[in-house]
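One structure is given below, encoded as structure tokens.
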Amino acid sequence: MTGTKVWALGVVAFLVGAGAMFAVTAVVDDDPKMTVRSESAAKADMPETREGLIAAWSAELEKAGKEKPDGWEMLTTGEIRDRYLSQIFINAPDAEDIDPDMVVRRD
């Protein structure tokens, strides 16, 4: 074989390889796989109706030894939801409540 034929054969082999690589890359799905829930866990536990939010808010207030404020009936559903979520945050236990003997070292 002459040098020109070897060079031409190398170019052809390179083009065939590049084409095959392009075809395989186009077929393979490289997108990361992830599981998607239709709704978050927090939303699944959140009451959706005004009555449900009022009941849940009342229960959280009762845990804290509080009552609904005067004029709460005038609050919008969104405001009741916000106050309910705020009360859940306020009622959340502190680290000391969970484990009083836990010592935190900061070096």
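The values are calculated or read from the model by the stated rules, or taken from the named source; none is laboratory data. All of these numbers come straight from a predicted model, not from anything done at the bench. When the accessible area is computed, the model is the full protein with side chains, heavy atoms only, and any ligands, DNA or RNA have been set aside. Shrake-Rupley method; radii C 1.70, N 1.55, O 1.52, S 1.80 Å.
Descriptive notes on the structure:
- Using a probe of 1.4 Å, the accessible surface attributed to residue 98 totals some 120 Å² when neighbouring protein chains are kept in position.
- Candidate residues 21, 46, 74: accessible-area rank, largest first, probe 1.4 Å: 74, 21, 46
- Phi angles across region 92-98 convert, under the Karplus curve 6.51 cos²θ - 1.76 cosθ + 1.60 with θ = phi - 60°, into 3J(HN,Hα) values of 4, x, 7, 4, 5, 5, 6 Hz, Gly and Pro given as x.
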